[in-house]
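Below is one structure, written out as structure tokens; the observations come after it.
The values are calculated or read from the model by the stated rules, or taken from the named source; none is laboratory data. These numbers come from a predicted model, not from an experiment. All Cβ positions, glycine included, derive from the backbone under ideal geometry; neighbour counts span all protein chains shown. Just so you know, the surface numbers come from the protein's heavy atoms only, side chains and all, with ligands and any DNA or RNA stripped out. Shrake-Rupley method; radii C 1.70, N 1.55, O 1.52, S 1.80 Å.
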Amino acid sequence: MILVTGVSGGLGRLVLQGLTALDGLDVVPGTRGGDGGTARRIDFDDPASLAEGFAGVDVLVMISAGYAEDDVVLARHGAVADAAAAAGVRQVIYTSLAGSGERTTLALPHRWTEHRLAQGPFDATILRNGLYAELLGGLSAADAVPAAESGVFSAALGTGRMSVVAREDLADITVRVAAEADRALAAGGRSRHAGRTYELEGVTALGGEDIADLLTKRYGRPVTYRPSSLAEARAGLAGHGFEAYQITHTLSLFSNMGAGFLQARSSDLTELLQAPPRPVHDLVAASATAGG
Ligand SMILES: NC(=O)c1ccc[n+]([C@@H]2O[C@H](COP(=O)([O-])OP(=O)(O)OC[C@H]3O[C@@H](n4cnc5c(N)ncnc54)[C@H](OP(=O)(O)O)[C@@H]3O)[C@@H](O)[C@H]2O)c1
């Protein structure tokens, strides 16, 4: 049996859809809102829900739950590792963060979780997910929307680029890895993905100038890029109801992009995808202009 956590989220929902479309798999959805009917209740912050929810599970697709301070994320991901071990889960597939994000503040809880899972009695497969195209669009949105009027896209992206990937591509790979793992276990074997770490970096990198070009097409008027400072970005985020950790992570992404660290040099994406990577430009443009 395969259990997918976090199925109300963007990635978990796609993974669940993909797995249930395949023949011959026993797939169970898990979510904080589950009531034991169509979905099991899986709340990483409530270990009792994990003890019950992981019963009978062979393959656990553990969607990271990173929206919190690091100590909270470490506690919740540690609880998952403990509960998976206690329930006799045989393989855990964890959605982590790609190597280009190594220097961001997002990386620490992911790397800690990878290490923690490696110590478990189960096999682990680490899917180091690239940064979503939607994330780059979202980071740009506050500056992209006014550009429709001003013709200036002023953002703290420096002159670096971010390698981005369509979330659907990451979901497709997760489905493939989970299905192959479950089938290998059912056949009395061990998955070829057991113990592997895959770097699923996007194969397209975009920067501020590229986003200005996308906005030019979207708005039907010339938009030029003007790099702004990190101090301006920090001031722009204040007073909008963001949690402190969100501001930390956002500034860290801007800072890493400006430093040129978010452009990947290599990727396992195309090797694991069974189709060419989805184009990312429209995804970035749509999420950058969603609030306009
Ligand atoms: N690579 C990237 O660019 C990128 C960008 C953003 C986020 N991420 C990470 O990737 C994860 C999946 O991305 P997404 O796009 O699906 O995010 P999303 O749409 O915002 O969904 C958030 C996910 O977190 C789960 N979650 C939150 N608290 C939880 C808890 N206490 N116990 C169990 N699950 C919990 C939710 O599950 P339920 O509500 O169903 O319980 C949901 O699946 C995120 O949670 C985040 O850690 C990666």
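See the values below:
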{"read-out": "Whole-Hz ³J(HN,Hα) from phi, Karplus 6.51 cos²θ - 1.76 cosθ + 1.60, for segment 229-240, glycine and proline x", "value": "8, 5, 4, 5, 5, 4, 5, x, 7, 5, x, 10"}
{"read-out": "Shape call, segment 214-292: gyration tensor on alpha carbons, a/c limit 1.5", "value": "oblate"}
{"read-out": "Cleavage-rule hits, chymotrypsin sites (Phe, Trp or Tyr not before Pro), segment 28-79, DSSP coil, Cβ neighbours within 10 Å at most 16", "value": "Tyr67"}
{"read-out": "For segment 36-119: accessible area per residue (Å², 1.4 Å)", "value": "41"}
{"read-out": "For the chain, with +1 on Lys and Arg beta carbons and -1 on Asp and Glu, the positive-most of Thr270, Ala48, Leu25 along the dipole", "value": "Thr270"}
{"read-out": "In nm, spacing of pseudo-spin labels at Glu69 and Arg226 (7 Å Cα→C-beta vector)", "value": "3.8"}
{"read-out": "Relative pair counts by distance (%), Cα atoms of the chain, 5 Å bins", "value": "1, 6, 12, 16, 17, 15, 12, 9, 6, 4, 2, 0, 0"}
{"read-out": "Computed [θ] at 222 nm, deg cm²/dmol, the chain (DSSP H ≥ 4; -39,500 (n - 2.57); rounded to nearest 500)", "value": "-14000 deg cm²/dmol"}
{"read-out": "Per residue accessible area of segment 139-179, 1.4 Å probe, in Å²", "value": "29"}
{"read-out": "Share of carbon and sulfur in the accessible heavy-atom surface of segment 1-157 [1.4 Å probe, %]", "value": "53"}
{"read-out": "Segments 234-245, 279-290, 161-172, 141-152 sorted - mean Cβ within 10 Å per residue, highest first", "value": "161-172, 279-290, 141-152, 234-245"}
{"read-out": "Tilt relative to the chain, helix 167-186 - C-alpha long axis, 0 to 90 degrees, to 10", "value": "10"}
{"read-out": "Efficiency of FRET from Cβ geometry, Asp282 and Ala238, R₀ 22 Å, rounded to 0.05", "value": "0.10"}
{"read-out": "Sulfur and carbon atoms: percent of accessible area, segment 173-261 [1.4 Å]", "value": "52"}
